[in-house]
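Just so you know, all these numbers are worked out from the coordinates, no wet-lab data involved. In this text, all values refer to a predicted model and were calculated from it rather than measured experimentally. With ideal geometry, Cβ positions are generated from the backbone for all residues, glycine too; neighbour counts draw on all protein chains shown.
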Amino acid sequence: MITVNAAVFTGPNQPLEMRELQISDQPGANEVLVKIAASGVCHSDLHALSGEWETPAPLVLGHEGAGVVIAAGSEVTGLEVGDHVVLSWTPSCQKCEFCVTGNPVLCQLANETAYQHVFSDGKTRLKDGEEDVKSFLGVGSFADHAMVPASAAIKIRKDAPFAQAALVGCAVTTGIGAVVNTAKVEPYSTVLVIGGGGVGLNIVQGARLVGAKQIILADVSEDKLELGRKFGATHTINSREVDLLTAVKELTEGRGVDYAFEAIGLPFTIEASYEAVRRGGTAVVVGQVADGVKISIDPFVMSDQEKKLIGSNYGSSRQSIDFPNIIDQYMEGLVDLDSMVTDRIALSEVNEAFAEMRKGRGIRSVIEYPMA
Ligand SMILES: NC(=O)c1ccc[n+]([C@@H]2O[C@H](COP(=O)([O-])OP(=O)(O)OC[C@H]3O[C@@H](n4cnc5c(N)ncnc54)[C@H](O)[C@@H]3O)[C@@H](O)[C@H]2O)c1
Ligand SMILES: [Zn+2]
Ligand SMILES: [Zn+2]
């Protein structure tokens, strides 16, 4: 057994509690034990913390992590002690119909296990004395160690810095992937992104990468709009000050955009994303709403104008391919991850990071763990 320093979720809107937990140092046959080096703080953690998503307690939050493999199970292939990894919150079983048809983000096993915050045997790996402690989305990176299925540990090059690499585990892959994999945005397209947080700015960045000619970012924060221009936005709309749809019409000569991405998780901005696309255009729901929220869409417009409304989970990524590719692009200077890390904090400061996120400040707070 080893001791794990963790920030534990005990119930909605309670500050995360710093606790010492226990974990076995002997991974199961197909598992690896990872010493976490860095973890981003994502809005999905806040959905859980704020009670917008029903979440069991006690549980270690955090799902955007990177670290080093310190022990590997007897049947693990392709990973060894000392490897640097980015963690995936949708471990692919590599056997179900979704995995074998190239859609590992829809993996049946991941839906039944990681999305329920447990392992494939239905159990947890962390203990607080006698009590089981779950790991958020099978990751639980608000802790200095995590046991994960081997398929959730994606090997990356060793010269990539951990703080930036951690963000590839959620926001970066979700954002770039929504453009590249889900919507397959073509060069010279016109793109609207509503919400310029960690995810939305990566949608902007993805649109730039594929050669979109017009990238419009809408947010209520001037800081985010300024950052958006840095990541490739050609136009910005402060939707607190002006009407979003009117502004989009003006910028597109009345036509609407080819693609609109919602990256907040609010019903009225999802509806706005649909209204903002041109005839035959595509709106992509990336932001995730609170449990039970519904939207209202005019189905006549849908058929008459052939407008599409699609969803994107984890950027429709194939993590074992996309994580290393994105990190290569970062190391080559094509993808900006440095500007995403707006705060570097200790685990004990994670509650303050959520307070900043609620205020819409910064892009990503990244927890850095001592590696000595
Ligand atoms: N689909 C997926 O696989 C996936 C993965 C990760 C995160 N998400 C979801 O994406 C969403 C964004 O996550 P994030 O980490 O980027 O969040 P974030 O808090 O970093 O960013 C949200 C942004 O939205 C802006 N905003 C808030 N209200 C607004 C409004 N009314 N109009 C315009 N802008 C507004 C904020 O100023 C902020 O810049 C969340 O719902 C999260 O759960 C989805
Ligand atoms: Zn996330
Ligand atoms: Zn599967």
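Working from label points 7 Å from Cα in the Cα-to-Cβ sense, the Thr77 to Asp243 distance is 6.1 nm. Amide H contacts of Met147: Val34, each under 5 Å away and 5 or more positions distant or on a separate chain (H built 1.01 Å from N in the peptide plane; Pro and chain starts excluded).
Taking a sphere under 13 Å around the Cβ of Val210 and counting the other residues whose Cβ falls inside, with K and R at +1 and D and E at -1, yields a net charge of +1.
Expressed in nm², what is the orientationally averaged projection area of the convex hull enclosing the Cα positions of the chain? Each step should come with its number before you reach the end.
Details: hull surface 69.5 nm².
Averaging across all directions leaves 17.4 nm² for the Cα convex hull.
When you restrict to C-alpha pairs under 8 Å that are six or more residues apart and normalise by the size of the stretch 175-313, the relative contact order lands at 21 percent.
Computed over the stretch 175-313, the percent of Cα pairs more than 18 Å apart is 48.
Considering only DSSP beta bridges whose two residues both sit in the chain, what percent are antiparallel, to the nearest 5? Working shown, then result.
On the way: 36 of 64 bridges.
Restricted to the chain, the bridges split so that about 55 percent are antiparallel.
Backbone geometry of the stretch 12-24 corresponds, through the Karplus equation with coefficients 6.51, -1.76 and 1.60 at θ = phi - 60°, to 3J(HN,Hα) couplings of x, 6, 8, x, 4, 9, 6, 9, 9, 10, 10, 9, 5 Hz, x marking Gly and Pro.
Between Asp121 and Arg358, the FRET efficiency estimated from the beta carbon spacing at R0 = 51 angstrom works out to 0.90. Across the stretch 295-311, computed HN-Hα scalar couplings (Karplus, 6.51 cos²θ - 1.76 cosθ + 1.60, θ = phi - 60°) run 10, 10, 10, 7, x, 5, 4, 4, 7, 5, 9, 6, 8, 9, 10, 10, x Hz from first to last residue, x flagging Gly and Pro. Summary value for the chain: 17 percent relative contact order, contacts being C-alpha pairs under 8 angstrom separated by 6+ residues.
Adding -39500 (n - 2.57) for every DSSP H run of four residues or longer, then dividing by how many residues the chain holds, sets the calculated 222 nm ellipticity at -7000 deg cm²/dmol. The C-alpha atoms of the chain define a longest principal axis, and helix 267-276 lies at about 50 degrees to it. Proximity of backbone amide H atoms, modeled 1.01 Å from N, is registered between Glu64 and Gly40, Ser141 at under 5 Å, excluding neighbours fewer than 5 places apart on the same chain.
The 3J(HN,Hα) values that the Karplus relation (6.51, -1.76, 1.60; θ = phi - 60°) gives for the stretch 341-347 are, in residue order, 7, 9, 8, 10, 10, 8, 3 Hz. Gly and Pro appear as x.
Across Phe142, Phe98, Phe261, mean-square fluctuation computed from a Gaussian network of the chain (C-alpha pairs under 10 Å connected) peaks at Phe98. In this structure the amide hydrogen of Gly281, modeled in the peptide plane, comes within under 5 Å of the amide hydrogens of Lys308, none closer than 5 places in sequence on its chain.
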